[in-house]
Amino acid sequence: MQTVLISGGTGMVGGALRKYLVSNGYKVIVLSRQVTAGKFSFDNSNTAFAKWDVKKQELDIAALQQADYIVHLAGAGVMDKKWTADYKREIIDSRVESAKLIADTLKNNANKVKKVISASAIGWYKPGENMHTEDEPADDSFLGDTCRLWEESMNPVMQLNKGLVKLRIGIVLSKDGGALKEFITPLRFGVAAILGNGKQMLSWIHIDDLCRMFLFAIENESVNGVYNAVAPQPVNNKTLTLTLAKKMRRWFYIPLYVPAFILKLVLGNRSIEILKSATVSCKKIMAAGFSFQFKKIETALDNLLNK
């Protein structure tokens, strides 16, 4: 059995990926600040937890030396807190410094790691209606700068003759939290909350397809570089909201537009992420041989609501 070391393995994506990898015959080691340093062991689910501390730039070397692959997901949540100057710095540092720790530990210690797969985000792209592809420069904004620094921080891995894949992840739809939960909450009260004018395009991906894409990157040696992790058919905010409303409540709901200025009052600068329109292409990953199980928002929502 091959072993995958995961940073950020206790979050929504990391938790789903951990289970998916184990179900496909891999052992998984999750890096965590909450465990005691020292010897680690795999439980009955072929999962183990190992100590790391990004601020102290410490990582359990024995755990890294067990790994055949590394998946780097760690980073402070972009929407978790107000974008104060301190929290903006935390968002960036949590990504850049954790990547530096992984790269330095690989450089300074014997290991058998073949490839690193690092998360990034479609926050890389400028807002607009044009279809975005992987060769575009990063947007000149906080989110664009964050993604650029995030991706650049992993580049030293290539100098170690290891494969490197960067997945620019769109809005992840999962029954276990994230964006879908925020859409569902007002619908429990019969309100379909359309954000802003509802025309902003959302490039989304089903959590199962995202997990499959990480495994695809692991198992295909020819897959290297940057790929957009989004479904083939983006939708606008209004379409997603009303499609979800009909599936949950049939016709028993009230559409309600939430004006942009209200979102700005409540969320501050974070409203930029909510109101941003991004139509992102997945042609590159499909050309590499990846096939999506959930191409349309209707089938994705059907699956998630029935789980």
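No value in this document is a laboratory result; all are computed from the given coordinates. Bear in mind that the values here come from a model prediction, so they are computed numbers and not experimental data. Cβ placement follows ideal geometry from the backbone for every residue including glycine, while neighbour counts extend to all protein chains displayed.
Across the range 55-179, Cα-Cα pairs farther apart than 23 Å form 37% of the total. Tell me whether the range 263-307 comes out rounded, prolate or oblate; compute the Cα gyration tensor, take square roots of the eigenvalues as a ≥ b ≥ c, and use a/c under 1.5 as the rounded threshold. Note, shape of the range 263-307 comes out oblate.
Each 10 Å bin from zero holds the following percent of Cα-Cα pairs in the range 27-124: 14, 45, 30, 11, 0.
With the alpha-carbon atoms of the range 147-260 aligned to their principal axes, the span from lowest to highest coordinate is 57, 28, 22 Å, starting with the largest.
Model label sites at residue 133 and residue 252, defined 7 Å from Cα along the beta-carbon direction, differ in position by 4.9 nm.
Diffusion coefficient of the range 190-243 by Stokes-Einstein, Kirkwood radius over Cα pairs, 4 °C, 1.567 mPa s: 98 µm²/s. Listed by Cβ neighbour count within 10 Å, with the fewest neighbours leading, 271, 23 appear as 23, 271.
For the range 207-307, chymotrypsin sites (Phe, Trp or Tyr not before Pro) meeting the loop criterion (DSSP other than H, G, I, E, B) and having at most 10 other Cβ atoms within 10 Å: 251, 252. Would you work out which of 17, 253, 240 lies farthest towards the positive end of the dipole of the chain? Charges go on Cβ: Lys and Arg +1, Asp and Glu -1. Comparing the listed Cα positions along the dipole, 253 ranks first.
Scanning the chain for DSSP H helices at least 27 Å long along the axis (C-alpha atoms) with a Kyte-Doolittle mean no lower than -1.0 picks out 85-108. Per-residue extension of 0.36 nm, minus the Cα-Cα distance of residue 108 and residue 267, leaves a gain of 53.0 nm for this segment. In terms of Cα atoms, the Rg and Dmax of the range 1-74 work out to 11.2, 34 Å. Charged side chains reduced to their Cβ positions (Lys and Arg at +1, Asp and Glu at -1) give the chain a dipole of some 760 debye around its Cα centre.
Counting every other Cβ atom within 10 Å of each residue's Cβ, 70, 122, 92, 262 order from fewest to most as 262, 92, 122, 70.
Put in order of Cβ neighbour count within 10 Å, fewest first, the listed residues 35, 172 become 35, 172. Other residues with beta-carbon under 12 Å from the beta-carbon of residue 129 carry, at +1 per Lys or Arg and -1 per Asp or Glu, a net charge of +3. Stokes-Einstein diffusion for the range 208-307 at 4 °C, viscosity 1.567 mPa s, with a Kirkwood radius from C-alpha pairs, works out to 80 µm²/s.
Please give the Cα centre distance for the range 193-248 versus the range 88-137, rounded to the nearest Å. Value for the Cα centre distance between the two parts: 19 Å.
Bridge orientation summary for the chain: considering DSSP beta bridges with both residues in this region, about 15 percent are antiparallel. Among the listed values (1) 1.06; (2) 1.00; (3) 0.93, the one computed from these coordinates for Cα Rg over 2.2 N^0.38 Å is (2).
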